[in-house]
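Report on the following structure.
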Amino acid sequence: MHRMLAVLRSVAARCADGPPPSGALTPGRGERAAPGRLSLALQGGGSFGAFTWGVLDRLLEEDAVDFDAISGVSAGAINGVILASGLASGGRAAARAGLERFWRRASEAAPRSSGKSMAFDLSTRILSPYQFNPLDLNPLRALIAAEIDFEAVRRRSPLRLLVGATRVSDGHLRIFRETEMTPDVVLASACLPLLNQAMTIEGRPIGTAAMRRTRR
């Protein structure tokens, strides 16, 4: 953690120094990179998502650091959309508060290890989500609804969003942009194949990007 903070401080210091040296180009574009603007790819997975919250929180403390684009899947997508929502609705303080509330509530809602949880885990490996969870109950829906202003993201997101999910019918990746962001898009990217049904978007079942590995 100390090493990560040192890296972040180094990035912030370089961003605060001003424009890049003469001749510095964005790879493949032939354009000067804007100082202090980061493009981040956020990984999925619950523990990685919680760690990423801490990294984003630290970056948001630095006024010299700004965000250009965020791509993510699953927990990474959730972090990216909460970040965009907070920045669009109330700036850096709102983004930090939204990320903290989400991850604290997610931690409180997570099931604790017990004999019942072992039986639950076994059941999900025997039955499909359409059998085990026919009503498609998903506590994540309420969590993201409480923290994300989807209209603000669609109308005035200050950064570019790229949220990845999988078309179940053919396993192809579907990238959703900030102007397309809805609760179903985030839930599709973050759905757990053993627990949640795929979301129907544009008339097609869409699920987590991890399904691409499952199909291969």
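The values are calculated or read from the model by the stated rules, or taken from the named source; none is laboratory data. Predicted, not measured: the structure shown is a model, and the values here were computed from it. Cβ sites come from the backbone with ideal geometry, for glycine too, and all protein chains shown count toward neighbours. Note: areas computed on protein heavy atoms with side chains; ligands, DNA, RNA excluded. Shrake-Rupley method; radii C 1.70, N 1.55, O 1.52, S 1.80 Å.
For I201, what is the net charge nearby, where nearby means another residue's Cβ is under 10 Å from its Cβ and Lys, Arg count +1, Asp, Glu -1?
Once positives and negatives cancel, what remains is 0.
Quote to one decimal, in nm, the extra length available between T182 and E151 on full extension: 0.36 nm per residue of separation minus the C-alpha distance between them.
Contour length minus the Cα-Cα distance gives 10.3 nm.
Keeping the other protein chains in place, figure out the carbon and sulfur percent of the accessible area of region 156-199, with a 1.4 Å probe.
Carbon with sulfur: 59 percent of the solvent-accessible area.
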